[in-house]
Structures are given as C-alpha cells and as structure tokens.
Amino acid sequence: MTAVRERLAKARNSATHLELRDSYMRDDPDFLAWQEGHREDPADRASWWTGWHDAVAEAVGRGVLVRRLRVVCEPLSDYIRYEWEGTFANVAAGEEVRWLPRSRGHGLLLPVLEGWVMDEQTVILHHFGGDGQSVQPDMEVIEDPLMARQYASACDTAWQRAIPHAEYRPS
C-alpha cells in the first residue's frame, strides 16, 4: 500500500479507488476475527483508526476528494459484508464511499483491473488471483494521463449510479 499512500500524500485534487472483486485476502486476520464474531466499536476510535485513516484525513484536509467505489454482487459475499460493516471507518476519515450492485451496472464500461486514479494523471493497478490473494507484482504504478482520464471517466459514470454508503442496505 506504500505506493498508494505516497501518491495520496502528493494528490492535489482527487483520489478514486475502484474495487471490483467480491473477495480479497481471505487470510486477513481482521477478516478472520470478523468471521469469529468480532465487530469494531465505532465509538472506540483508538481501536480501529490506522495510518491509512490518517493519510486519508490529511489528504481530505488539503481539499483532495477521496472516493471509493465498490462494485458488488448481491447478495454480498462474506468478505464484502465484512467491508460494508467496517466502512464507517473510511467515512470517518473523510472518504466518500458508494456501492454499485452489478445489477445496476448494465451498459457501463468498466476497467477489468481495479485500482486507484490520482489527479487524473496516475493509475495504480492492483493485481489479484482468482482466490482474492495478491499476486506479484501486487501493484503497478502507471503515469499515463490518457489512461488515468479513461479510468476516471469510467468511475465517474459508475459513481452516478452507485448508492452512497449511508443509504446502501445489502440484500
């Protein structure tokens, strides 16, 4: 995640994360704890606030629009339900988060690889295997304004159809 944090620290206007998978890193200790019944307490900020949240809050404080668009199948997989329950932390840091059920995505042309678009100049692609685990290289930084504008345009179009986190209720 270092490349993302480095670029976020330099972002001037926008940082958009497009998420397309229904499962990630199923061996993540936090996900495993969630499966065992652990839930974060939104009132106990010290227990869930991380360096990522600091980075987002700092960027938002500089005026950077930080957005996260999650394209999901319904009903949600266990992993995406875990993410939905923890999204309060992203929102608390200043991210705008929306959910796009695939059933609302007809006619959209979305990239096949997910990742970040920074200031419509840089694309940071994430690479995962079919099981949701990172593959090497796990990240690819591409400084290509044309590609970045294409990603940003696709995200913007999908964003308009997506449901704000505060309104989204998983089926």
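The values are calculated or read from the model by the stated rules, or taken from the named source; none is laboratory data. Since this is a predicted model, take the numbers as computed values, not measurements. Every residue, glycine among them, receives a Cβ derived from its backbone with ideal geometry; neighbour counts consider all protein chains shown. Note: accessible area is taken over every heavy atom of the protein model, side chains too, but ligands, DNA and RNA are not part of it. Shrake-Rupley method; radii C 1.70, N 1.55, O 1.52, S 1.80 Å.
So which residues in segment 114-132 are surrounded by 16 or more Cβ atoms within 10 Å (Cβ to Cβ) and not in a loop (DSSP other than H, G, I, E, B)? Of everything in segment 114-132, those that are surrounded by 16 or more Cβ atoms within 10 Å (Cβ to Cβ) and not in a loop (DSSP other than H, G, I, E, B) turn out to be Gly115, Trp116, Val117, Met118, Thr122, Val123, Ile124, Leu125, His126, Phe128.
Could you go through segment 83-95 and let me know if any residue there is in contact with a Ser or Thr (Cβ under 7 Å, 6 or more places away or on another chain) and farther than 19 Å from Tyr151 by Cβ. No, segment 83-95 contains no residue that is in contact with a Ser or Thr (Cβ under 7 Å, 6 or more places away or on another chain) and farther than 19 Å from Tyr151 by Cβ.
Only one entry of Pro111, Pro29 meets the criterion of being free of Cβ contacts under 8 Å to residues at least 24 places away in the same chain and either buried (at least 19 other Cβ atoms within 10 Å of the Cβ) or not aliphatic (A, V, I, L, M) (or both), and that entry is Pro29.
Within the set of pairs 6 or more residues apart or between chains, which connect a residue that is more than 17 Å from Leu20 (Cβ to Cβ) inside segment 73-92 to a residue that is open to solvent by 70 Å² or more (accessible area, probe 1.4 Å) and not basic (Lys, Arg) with Cβ atoms less than 6 Å apart? Hits for this filter: Pro75/Ser171; Phe88/Pro42.
Please state which one of Gln136, Gln150 is open to solvent by 30 Å² or more (accessible area, probe 1.4 Å) and either touching a residue at least 12 places away in the same chain (Cβ under 8 Å) or over 29 Å from Leu32 (Cβ atoms) (or both). Lay out the reasoning, then the answer.
On the way: Gln136 fails: either touching a residue at least 12 places away in the same chain (Cβ under 8 Å) or over 29 Å from Leu32 (Cβ atoms) (or both).
Selected residue: Gln150, the only one of Gln136, Gln150 that is open to solvent by 30 Å² or more (accessible area, probe 1.4 Å) and either touching a residue at least 12 places away in the same chain (Cβ under 8 Å) or over 29 Å from Leu32 (Cβ atoms) (or both).
Filtered by the rule that a residue be of a type outside the set (A, V, I, L, M, F, W, C), within 14 Å of Asp78 (Cβ to Cβ) and open to solvent by less than 90 Å² (accessible area, probe 1.4 Å), segment 32-45 gives Gln35, Gly37.
The residue that is farthest from Ala158 (Cα to Cα), among those in segment 93-108 that are free of Cβ contacts under 8 Å to residues at least 40 places away in the same chain and either assigned to a helix (DSSP H, G or I) or of a type in the set (Val, Ile, Thr) (or both), is Ser103.
For segment 16-23, the count of residues that are within 16 Å of Asp138 (Cα to Cα), without any contact (Cβ under 8 Å) to a residue 40 or more places away in the chain and of a type in the set (D, E, K, R) is zero. With respect to the conditions (1) modelled with pLDDT of 95 or more; (2) outside any helix (DSSP H, G or I), Pro137 lacks only one, and its number is (1).
Annotation: of all residues in segment 1-16 being modelled with pLDDT of 95 or more and touching a helix residue (DSSP H, G or I) at 6+ places or on another chain (Cβ under 8 Å), the one that is surrounded by the most Cβ atoms within 10 Å (Cβ to Cβ) is Ala15. Which ones in segment 92-108 are within 14 Å of Leu76 (Cα to Cα) and either in contact with a Leu (Cβ under 6 Å, 6 or more places away or on another chain) or open to solvent by 60 Å² or more (accessible area, probe 1.4 Å) (or both)? Across segment 92-108, the qualifying residues are Arg102, Ser103.
Taken over segment 56-91, the residue count meeting the criterion of being open to solvent by less than 10 Å² (accessible area, probe 1.4 Å) and assigned to a loop (DSSP other than H, G, I, E, B) is 1.
Inside segment 80-115, residues that are touching a Phe, Trp or Tyr at 6+ places or on another chain (Cβ under 6 Å) and of a type in the set (Ser, Thr, Tyr) make up a count of 1.
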